[in-house]
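Let me begin by presenting the structure, written as structure tokens, before commenting on it.
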Amino acid sequence: MNPILKYLKKVFAAKRILVDDTELTGLVKADYLLQQFIKQDKVPGIAITVLKDGKTIFQKGYGYANVERKQFVHPKKSIFRIASVSKPIAATALAHMVQDGMIDLEESFYTYLPDYPKKEWDFTIRQLASHTAGIRVYKGKEYGLNKPLSIKEGLEVFKNDSLVYEPGTEYLYNSFDWAMISAAMQEASGIPFEEYVQEKVLNTLGMNSTFCPECHYESDSQSSSKNPDALEVNDISTSKEQNNVATFYTKSMSGFRKAIPVDNFYKLAGGGYLSTSENIAKFGQAFLDKKVKVKEAILDQFLTAQQVDGNSTYYGLGWQVSEDAKGRKFFGHVGNGVGGYANFFVYPKEQLVFSILINCTDPKIQEDLDAIIDCFFFF
């Protein structure tokens, strides 16, 4: 056959597939858009896992886990900083504690940490979990703090500051809320926060590649003086996972450079965990499969958007609870931290779970990610 005719035949055949097969169209389009991120240097690396009805329908890695070494992202093994996707993990542990009667959502925070500086108003665990307690956001270089602080020591960063509004009257998203909750959980249970999460959430749900990089250096049961100098995030070493941890980057005009070193242990609950795309998808699926052994009435409180003055905050307790541009309801979380960006969404009606992890501080591509996610609503 004439080479030109053969080429045209392939082109038209591809077009027929893309037009006639909506499933393939969705997957092909998503794959194309993800490839563009790498070709256009929008991200160094990205891993995605999509589940439908509990089955993996799309799982790929793109770009580099380590740019300098040309080490490719592995769709199952590469480990990323998940930033605020840590909050749903912490919230699941808190739900267990509520069920076991160790902590009360309606109780004052001071019930658990009576020595915390008194403010103009009291506030509850629920208000902290829903970001309506009036706790302030980061100031200055706090976002990239690199000090080996325990969870309780971390409260020193902001504990002497006034509330920015009367609790319950406004919504202000921040990570300090969850640092405070994790401190309260430790006091209520007598168990280090990271150990409680490991036992009640990570081990139970088989999340073997989700961990705290600093935990083997420090816990609240140990003196911070035993922690070595500030941890270099790009030199994380856990005996079995060290080779899979992606290098964390920040985007600059000249390309990608290694992110500054940070120590996120004190805000582990709000943004300190590392994980794989596959593990986070498994976490979301556990809620659809009702594998989280917490009573439905309790979980419903966490997965129900709170209200302020009769208006939805589109946030539950540690979970974003909202709907996308096309009105499809979801729960999950977006995460942005030094050297990491994450999307984690669970769509109950459609039985879809999305887990997208990137080894770069906010790459400014959320609209593009939304378009990719939209490709999978074809069933």
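The values are calculated or read from the model by the stated rules, or taken from the named source; none is laboratory data. Worth saying up front: this structure is predicted, and the values here are computed from it rather than measured. Positions of Cβ are generated from backbone atoms using ideal geometry, with glycine treated the same way; all protein chains shown enter the neighbour counts. The accessibility values were calculated without ligands, DNA or RNA, using every heavy atom of the protein model including side chains. Shrake-Rupley method; radii C 1.70, N 1.55, O 1.52, S 1.80 Å.
Considering the range 80-125, and only residues there that are more than 20 Å from the chain's Cα centre (by Cα) and among the basic types (Lys, Arg), the residue that is surrounded by the most Cβ atoms within 10 Å (Cβ to Cβ) turns out to be 119.
Taking the range 296-371 as the region of interest, the strands (runs of 3 or more DSSP E) fully inside it that hold 2 or more residues being farther than 16 Å from residue 49 by Cα, within 20 Å of the chain's Cα centre (by Cα) and without any contact (Cβ under 8 Å) to a residue 60 or more places away in the chain are 320-323, 329-337. Screening the range 228-247 for residues that are of a type in the set (D, E, K, R) and either open to solvent by 30 Å² or more (accessible area, probe 1.4 Å) or modelled with pLDDT under 50 (or both) and picking the one that is farthest from the chain's Cα centre (by Cα) gives 229. For the residues 51, 33, the requirement of being within 18 Å of residue 342 (Cα to Cα), open to solvent by 40 Å² or more (accessible area, probe 1.4 Å) and at pLDDT 95 or above singles out 33. Scanning the range 248-292 for residues that are part of a strand (DSSP E or B) and not aromatic (Phe, Trp, Tyr), we see that the one that is most open to solvent (accessible area, probe 1.4 Å) is 257. Quickly run through the range 144-157 and pick out the residues that are in contact with an Asp or Glu (Cβ under 8 Å, 6 or more places away or on another chain) and either aromatic (Phe, Trp, Tyr) or within 12 Å of residue 116 (Cα to Cα) (or both). Within the range 144-157, just 152 meets the criteria.
Beta carbons closer than 9 Å, at least 6 apart along the sequence or on distinct chains, pair a first residue in the range 243-267 that is farther than 22 Å from residue 87 by Cα and without any contact (Cβ under 8 Å) to a residue 12 or more places away in the chain with a second that is open to solvent by 40 Å² or more (accessible area, probe 1.4 Å) and outside any loop (DSSP other than H, G, I, E, B) for 257/251.
Of all residues in the range 28-80, those being acidic (Asp, Glu) and over 26 Å from residue 253 (Cβ atoms) number 2. Summed over the range 140-168, residues that are closer than 21 Å to residue 104 by Cα and either in contact with a Lys or Arg (Cβ under 7 Å, 6 or more places away or on another chain) or open to solvent by 30 Å² or more (accessible area, probe 1.4 Å) (or both) total 3. Among the residues of the range 54-79, those identified as of a type in the set (Gly, Ala, Ser) and part of a strand (DSSP E or B) are 61, 63, 65.
Note on the range 59-79: residues that are open to solvent by less than 20 Å² (accessible area, probe 1.4 Å) and not hydroxyl-bearing (Ser, Thr, Tyr) amount to 5.
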